[in-house]
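Here the structure comes first, spelled out in structure tokens, and everything after it is commentary.
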Amino acid sequence: MSNVVMDKRPSTLQGARLPRWTPWAVALGSVGAGLGISAAAGLDSKIQWALIAALLFVLVNYALGVKVEGSRQAKDRVATSLVWVAFLLAVIPLASLIWETISRGVKVLDGYFLSHSMGVVADTEPGGGINHAIIGTLEQVGLATVMAVPVGVLTAIYLVEYGRGRLAKSVTFFVDVMTGIPSIVAGLFILAIMLQLELQPFGFAGSLALAILMMPVVVRSTEEMLKLIPNELREASLALGVPKWRTIIKVVLPTSLGGITTGVMLAVARIAGETAPVLLLVWGSAFINNNPFEGAQASLPLYIYQQYANSAGNAAAYDRAWAAALTLIIIVMILNLAARGIARWKAPKTGR
Amino acid sequence: MDISTQDAPVPPPTTTPTAEQKRAARGATRPGDRIFLGLSRGSGILLLVIMAAIAAFLTYRAIDAISADEANFFTAFEWEANSTPPRFGIAVLAYGTIVSSIIAMVIAVPISVGIALFITHYAPRRLGGLISYVIDLLAAVPSIVYGLWGALVLVPNLKGLYGWLDAYLGWTGIFSWQGLEPRSLFAVGILLAIMILPIVTNVSREVFRQAPQMHQEAALALGATRWEVIRMSVLPFGRSGVISASMLGLGRALGETMAVATVLSPNFLIEASLLDGGGGTFAQNIASKFGEATETGRDALIASGLVLFVITLLVNGAARMIIARRKEYSGANA
């Protein structure tokens, strides 16, 4: 350690420091030791390897820090290494998820798969496709978005720009509560109405449940974004004699448009993957049904579940489930990228 | 954006504004202002109406089922809602739902806060941007995909960890393992933790990013280490944000349906060990039993959904109160 300090001019302002490469060396060492210990102990699960290496990394960093730099710096090193470990621990399963979905999904994902339904194919046979499910998902999610976004954005505007008093407080409270409504409860609510009216399952019923799930998410994210807008902007506009509603539409909303779009995008992404309400309300179908207002419809997430659950471990069905999962992820990603593009394009030029 | 004033779902209220509303919307004298206020307030009221309707309809359907129930709805360890007379109870479901969510929170919240700090304060700027982008996309991965991955990839990999826990912590009773397929509440908890991680991380990250730069620079100038800066000026600022992030995550964990339904092998028993047996959760039970449910069976499932609804209501209400107690400074309407 000392030679690193010695080759510069010795400073009296700074205590002894570990060289910059120490964390990397410790990381390498603990991964190596983790692998060694695991192999020696005959552990076959990768989860255990990772945990041992992570533990070693934190402990060795702390020990080195205490020995060379003193306890404050050592604490800093522990925090740094814990943060790195948290990051790596989280990345591993997420990377595995993406990798498995792609590598297992590409097997049967092709033009045929996208353009055919399951109409004449039994769940246990190879073949068939997801055309019917894509149509169902797009229609249900689209209808839900059209219903939920105006209500959500307007509610957020009410809460931030107008909201005082008891009504605003209770709306804020219930939006929070509504955020926590499980998707299956929203599904049961519409189901209860359908049982009451003796309706058969159809796509729009699913859209209603999805809209209920989407509204509070849009409200919350829009609210947060509107709150970030400095009051000076509003005051400047109002001082010029602009009515409040035009101030909101011309100043407040454009300034926060990027954030609102991101919020809506996350909300769409959330509901596009919702299976439970669709399972209860739309039932799923092996055939193409273009009309969301009549008859059972399929949807991508529901298709994945049914391929997994109804096939009793059949390989062809698992392949289809992975391919549909990959398709669903790709659709969601395209939505995300498009929304981000819009957000960047529309965003006002700020300092940040 | 002008469109939002035209196709509003709720007509503006025609009543004259009360004194309180006048105060609320100071200067709302122009027609445009009045219409806009009406539209936005109407949307808020619509949300309240929906909440009330959910409670009302679920209760209405649930009452029939519970009055037909031959067993005790809250304590019975069985679910034979389709038989006559129907016998069903929610004890196992309540236990499974709460335990799996707690496991998920214990694992996910510290890790998420760590990742959020990593992105905002530790990683090089470029890397941080890239990672938060990836996390954004991962928040969008649908739960059914997590479920598929959990059942076919995670569960087979958990055997080693289960054996470990059994060997070293088996004496506690909650981590003993009989060597069955690891489709238990603990596996569900791990999967739920992975699922709620992006959401908790995203929200925490946004809050940490807004921590006042001046405070941090002041702390640095006084000679604080990076960790001390975070502890003194970032974490106090972000506490309520982290709580609300955890609340979002907990909400998702409590009501998560498909991932649990694919991973868990359900049974109607409460096991002392988290690694043995299945148990069940409210949402999973509804999804699994719905297909073969009769009319009464569906009402019974709606009744259990009502309980789940009430639980999430209580959890969110409690979290809400915690946040209200530590009200943070907000730039708008200050």
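Inside the stretch B:308-318, residues that are crowded, with 19+ Cβ neighbours inside 10 Å and either at pLDDT 90 or above or more than 8 Å from chain A (Cβ to nearest Cβ) (or both) make up a count of 3.
Taking the stated definitions as given, is residue B:233 assigned by TED's automatic domain parsing to the domain that holds residue B:116, part of a helix (DSSP H, G or I) and within 30 Å of residue A:141 (Cβ to Cβ)? Against the criterion (assigned by TED's automatic domain parsing to the domain that holds residue B:116, part of a helix (DSSP H, G or I) and within 30 Å of residue A:141 (Cβ to Cβ)), residue B:233 does not qualify. Quick check on residue A:234: is it among the basic types (Lys, Arg), surrounded by fewer than 24 Cβ atoms within 10 Å (Cβ to Cβ), modelled with pLDDT of 90 or more and over 17 Å from residue A:266 (Cβ atoms)? Yes: the conditions hold for residue A:234. Only residues that are part of a helix (DSSP H, G or I) and buried (at least 24 other Cβ atoms within 10 Å of the Cβ) were counted across the stretch A:120-144, and they come to 7.
The single condition among (1) of a type outside the set (D, E, K, R); (2) closer than 30 Å to residue B:318 by Cβ; (3) part of a helix (DSSP H, G or I) that residue A:181 does not meet is (3). Within the stretch A:145-166, if we keep just the residues that are facing another protein chain (nearest Cβ under 7 Å) and free of Cβ contacts under 8 Å to residues at least 60 places away in the same chain, the residue that is surrounded by the most Cβ atoms within 10 Å (Cβ to Cβ) turns out to be A:158.
Across the stretch A:261-274, a minimum of one residue is classified as in a loop (DSSP other than H, G, I, E, B) and in the same structural domain as residue A:323 (by TED's automatic domain parsing).
Could you please let me know if residue A:289 is more than 8 Å from every other protein chain (Cβ to nearest Cβ), open to solvent by less than 50 Å² (accessible area, probe 1.4 Å) and in contact (Cβ under 8 Å) with a residue 24 or more places away in the chain? Taking the combined requirement at face value, the residue satisfies it.
So, in the stretch A:239-260, of the ones that are assigned to a helix (DSSP H, G or I) and among the small types (Gly, Ala, Ser), which residue ends up farthest from residue B:255 (Cα to Cα)?
Looking at residues that are assigned to a helix (DSSP H, G or I) and among the small types (Gly, Ala, Ser), I get A:239.
Checked against the criterion of being modelled with pLDDT under 85 and among the small types (Gly, Ala, Ser), the stretch B:92-106 has no qualifying residue.
Filtered by the rule that a residue be more than 8 Å from chain A (Cβ to nearest Cβ), open to solvent by 20 Å² or more (accessible area, probe 1.4 Å) and assigned to a helix (DSSP H, G or I), the stretch B:28-78 gives B:31, B:34, B:49, B:52, B:55, B:56, B:59, B:63, B:64, B:66, B:67, B:68.
Among the residues of the stretch B:114-162, those that are within 9 Å of chain A (Cβ to nearest Cβ) and open to solvent by 30 Å² or more (accessible area, probe 1.4 Å) comprise B:121, B:133, B:134, B:152, B:157, B:159. Residues of the stretch A:271-321 that are among the polar types (S, T, N, Q) and either out of contact with any Phe, Trp or Tyr (no Cβ under 9 Å at 6 or more places or on another chain) or farther than 22 Å from residue B:285 by Cα (or both): A:285, A:289, A:290, A:291, A:297, A:299, A:306, A:310, A:314.
The values are calculated or read from the model by the stated rules, or taken from the named source; none is laboratory data. All values reported here derive from a predicted model rather than from experimental measurement. Here the Cβ is made from the backbone with ideal geometry for all residues, glycine too, and neighbour counts use every protein chain on show. Remember, those area values only see protein heavy atoms, side chains included, never the ligands or the DNA or RNA. Shrake-Rupley method; radii C 1.70, N 1.55, O 1.52, S 1.80 Å.
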